[in-house]
Structures are given as structure tokens and as C-alpha cells.
Amino acid sequence: MRILTTILLAALLPLPAVAQGRFARATDIGRVDSIRSATLEEFRPYLVYTPPSYEDSTVTPQHYPVLYLLDGDGHFHSVSGLIQILGTGVNATYVVPEMIVVAIPNTARSRDLTPTRVERAPDGGPLPPALANTGGNARLFTFLQTELIPHIESQYRTLPYRVFVGHSLGGITVLNALYTIPETFNGYIAIDPSLWWDDRVLLRRAREYFASARLEGKALWVAQANTNTPGDTARNNHFEAITQFNAIMKTFDRSGLRYGFRYYDDDSHGSVPLIATYDALRFFFEGYGIAFPLVVERPALLTEHFRGVSTRLGVTIRPSEGMLRQFGQAMMGQDTAKAIEFGRMRVDLYPESYRAHEFLGDAYAAQGEVQQARTHYEHALARSAGNARIREKLDKLGSS
């Protein structure tokens, strides 16, 4: 019971002062906002990270998957950092899509992040004050489904692909969402979930649920930390419950769910969220990344690749204009013919982008194909009337 008490305390401790003051500083990488919730009868703050391309006026506006993050005041920076490094093309790295992150800070953590109301502490004793109000998952889910998600989708350019992430009590909240509102999210990440809660209530439901539910197109990643203490002979209910959940999934899951699990022997309950989120995103978007050398060898592979990605994820995802620009520019000084291929792909996908036409005009001009260059410069000028730079390029072609 000592281990469970330690985990319970960690789950209920307030965030340190540096995290609670994060709202004031979060504008460095995101936007701080709030919404009045009729369901929860309170204002709920939230934080939003948008990828760099979201405000990039030099490319065609994109639409993005959205990751909803519980305990958002504690994990906003680390998760948005992961999304940025893995999805924005740093060092030509595209292993997950660029995504919007919506972080949901706590107002009453034990209320919102528990599936059932409890009357006694896990050891059978009286409830600690922090557990006086529990069992609020259902109201939280109503808030998400009818208030926050519609609000985000009305304010931001989103794709119909959502990921839900939670740690500890947030982890059982994510699992309960999969049990009760599976249509709401596409991917569920439960990090070292507190499956001991209320005499393992969610664990006891798992076998029947996953044997009969239809969850095709959904994905679940469960992470288990090493919460065992060397030499401790006390029963570790937290660790046992997660182990049993994984065993149930291996034996009884007939739902069509795509399921992934990993035990992190070198990580504690507190340290596991970062690496688990990284692994979960790689799992959900397995096959999204494509090697730069393969693409530059055969540019058409990019179109084929994203067609396959869209089929696997059940939502249309295409190479961004920024990605095509990066590949095209990389080829301009090395292989003009391939730069033209990337330029054509960019124009096909983003025909109203004057910069796409301008780049293709540059590539044709470098190849010595004057008429093709003129055509695309004219298309560019038609979409950016009075653009002196493009007019100068056209005039130069006319005098050559």
C-alpha cells in the first residue's frame, strides 16, 4: 500500500509555483484563452500552440490535427516542443504532422479527472480532503464534446483528427473517454494510468468492453512507468493494475483498435510523460515520415506516400506547401529537373499560391524553358497584382 499512497499523493499534489505561473509566460509559444462552461459552471482556461506555418503568410493556409492535453499547465511546453521538432521540417524531419496543441489546465483535478465518485480512501480509511469531490469525468466529457472542441474548431483551422493525452488520473480519464465517448478522438494516450482507482473499476470493465466494442480506426497507447521500489515487499496495486490491463488487451481485445503498449523500466511515474508521448505519437503516425534521400531521388513518391498516410489515418493529409517549398529549394542548385517536379506538385496542390507559380517559373527559367517560365510568372502576377519582383522577372525574360 505504500507505493499506492505515494502515487496517490503525486496525483493530488498541486503543481509547483513555477507551473502555476505559466499562464503569464505561455504566450512565448502559445496563446492563453478561456471559455465560459455552462456544463462545469466556471470559466475554463486553455492554452493553444499553433505550428509556425499556421501564421506563415508566405504559404497557403493549412488545416491541422489537434492534440488535447490534460494537466495542460504541467505538460504544455514539453508536448508542444515535441510536436514542433517532429513535425515542422527541422533538419528535414517530418515524422508526425504539424499539429495544434490545446492544453487544458486543472481547476478541480480530482473532480474532473476521475471516472467515479468514491466514499473511502484506497486503504479503506476516510477520504483525504483532496478527494472530497470526485467522479466528474462525465461532465468533463460533456464540456469537451459540446463546448471546448466546437469552440476550438470554430476558431482554428482544424482537421477531423484528434488525439487525447492524459497522465496518471488523466490516464484513466483518457481510458474512460475511450470507453464512453470513443467517437470523439482518433488517438488515445494513457500514460501510467491510475487504474487502481475505485477498486480498479475501469480495469474490471476492460475485458467485456474490448471484446465487444467496435473501435476500427481508433488507436490507444498505454505507457507503464517503473513504480516498483527495490526491496519493497508491499503490494503495488498501481503497477499490477496496468500490467493486468495490458494482459487483457493481449488476450481479449476484439475491437479492431490499434493498440500499443510499452513498459519504461528507467522512468518513474513523474518522468515518463515526455518519452511516452514521444513514443505514442510515433506509434500513431507510424509510416508518416519519409526519408529525404528517397524523395529527392523520386519526387513522385511524395504524392504516393501521403495518399497511403491518408488512407491509414482516415483523413486527408497532404504535403504542406512549406514542405514542397523546402524540397524544391533544396533541388534548385543541384538538379533543376527535380526542382521542376516539386514545383509542379506544389502548383497542383496549391494552384492559388502565387509563390508556387513564381518558384516554378524560376525553375523553368533556370532550365532554359522560357515559355514555361513566362506562363508561370504570369500566373503568379495574376495572383499578386502589381508585384514588382515578378514583373521584373517577366521583363527580363522578354529581353532575353
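See the values below:
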item: Whichever residue in the range 122-145 is in contact with a Lys or Arg (Cβ under 9 Å, 6 or more places away or on another chain), outside any helix (DSSP H, G or I) and within 17 Å of residue 171 (Cβ to Cβ) and, among such residues, is most open to solvent (accessible area, probe 1.4 Å); result: 135
item: Unmet requirement for residue 154, which otherwise passes all of (1) open to solvent by 10 Å² or more (accessible area, probe 1.4 Å); (2) under 20 Å from residue 44 (Cα atoms); (3) touching a Ser or Thr at 6+ places or on another chain (Cβ under 7 Å); result: (3)
item: Complete set of residues in the range 15-41 that are over 17 Å from residue 101 (Cα atoms), surrounded by 14 or more Cβ atoms within 10 Å (Cβ to Cβ) and modelled with pLDDT of 90 or more; result: 37, 39, 40
item: Any chance residue 109 is among the basic types (Lys, Arg) and buried (at least 19 other Cβ atoms within 10 Å of the Cβ); result: yes
item: Residues of the range 282-308 satisfying the condition of being in contact (Cβ under 8 Å) with a residue 24 or more places away in the chain and within 30 Å of residue 262 (Cα to Cα); result: 282, 283, 284, 285, 287, 288, 289, 290, 292
item: The lone exception for residue 163 - which of (1) touching a strand residue (DSSP E or B) at 6+ places or on another chain (Cβ under 9 Å); (2) of a type in the set (Val, Ile, Thr); (3) under 21 Å from residue 42 (Cα atoms) it fails; result: (3)
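Here's the yes/no breakdown for (1) under 20 Å from residue 122 (Cα atoms); (2) part of a loop (DSSP other than H, G, I, E, B); (3) open to solvent by less than 10 Å² (accessible area, probe 1.4 Å):
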| position | (1), (2), (3) |
| --- | --- |
| 172 | yes, no, yes |
| 177 | no, no, yes |
| 185 | no, yes, yes |
| 188 | no, no, yes |
| 193 | yes, yes, yes |
| 199 | yes, no, no |
| 207 | no, no, no |
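Residue-wise test of (1) open to solvent by 40 Å² or more (accessible area, probe 1.4 Å); (2) in contact with a His (Cβ under 9 Å, 6 or more places away or on another chain); (3) closer than 29 Å to residue 87 by Cβ; (4) not small (Gly, Ala, Ser).
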{"residue": "299", "(1), (2), (3), (4)": "no, no, yes, yes"}
{"residue": "307", "(1), (2), (3), (4)": "yes, no, yes, yes"}
{"residue": "331", "(1), (2), (3), (4)": "no, no, yes, yes"}
{"residue": "334", "(1), (2), (3), (4)": "yes, no, yes, yes"}
{"residue": "339", "(1), (2), (3), (4)": "no, no, yes, no"}
{"residue": "357", "(1), (2), (3), (4)": "no, yes, yes, yes"}
{"residue": "385", "(1), (2), (3), (4)": "yes, no, no, no"}
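The values are calculated or read from the model by the stated rules, or taken from the named source; none is laboratory data. Computed from a predicted structure; not experimentally measured. Because the Cβ atoms are built from the backbone with ideal geometry, glycine has one as well, and the counts that use them run over all protein chains shown. Surface accessibility is based on the protein's heavy atoms, side chains included, excluding ligands, DNA and RNA. Shrake-Rupley method; radii C 1.70, N 1.55, O 1.52, S 1.80 Å.
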